[in-house]
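These notes are about the structure you will find just below.
The values are calculated or read from the model by the stated rules, or taken from the named source; none is laboratory data. All values derive from a computational prediction rather than experimental measurement. Cβ coordinates were reconstructed from backbone atoms using ideal geometry, including for glycine residues, and neighbour counts include every protein chain displayed. Surface accessibility is based on the protein's heavy atoms, side chains included, excluding ligands, DNA and RNA. Shrake-Rupley method; radii C 1.70, N 1.55, O 1.52, S 1.80 Å.
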Amino acid sequence: MSPPARLRTSRTALLPVALLALCMLPLATVSGWTLVVLLVPAVIAAWVVRVGVDIGDDGLTVRSLLGQRQVPWSRLAGIRVAPRGDLWLVTTARTEVRLPVMRARDLPRLAALSGGRLEVPEPPTEKDQ
């Protein structure tokens, strides 16, 4: 059994969050209650570190900021691509789970990590059109 593949937001996204915290620091030091302003970059940093998708032999685990949802391969009916390119898992119970850090361009990588459980059709070539 291999360890799950973890798909997360790049940790370089923490650099603008640190810059935001640095810029908010003068405002936060005005009085004691303005320290609450520093919660904004803290929550954003927690989102960058926590949110993602784990793909393993038993299924997919979708992690949000405050929880997670496990979808076994046997309960996966397919994947829906939203008009803006967002990916949604469709379960056999007709529920949908959004894949938070994945877009339509990530479908080939998702199919490769699924171990053949998901298939992605090839895009049409110029001679097919």
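Residue by residue, region 89-102 carries 3J(HN,Hα) couplings of 6, 10, 8, 5, 8, 6, 9, 10, 10, 6, 8, x, 10, 10 Hz when phi is fed to the Karplus relation 6.51 cos²θ - 1.76 cosθ + 1.60 (θ = phi - 60°); x denotes Gly or Pro.
Relative contact order for region 1-103: what is it in percent, counting Cα pairs under 8 Å that are at least 6 residues apart? Computed value for region 1-103: 23 percent relative contact order.
Near Ile44, once Lys and Arg are set to +1 and Asp and Glu to -1 for all other residues with Cβ below 15 Å from its Cβ, the sum equals +3. Placing +1 on the Cβ of every Lys and Arg and -1 on the Cβ of every Asp and Glu, with nothing else charged, gives region 4-85 a dipole about its Cα centre of roughly 200 debye. Think of a 1.4 Å ball rolled over the protein heavy atoms: region 1-126 then has 65 Å² of accessible area per residue. Alpha-carbon geometry of the chain: the Rg and the Dmax are 19.1, 67 Å, given in that order.
The portion of the accessible surface of the chain made up by carbon and sulfur, rounded to a whole percent, is 62 (1.4 Å probe; DNA, RNA and ligands excluded).
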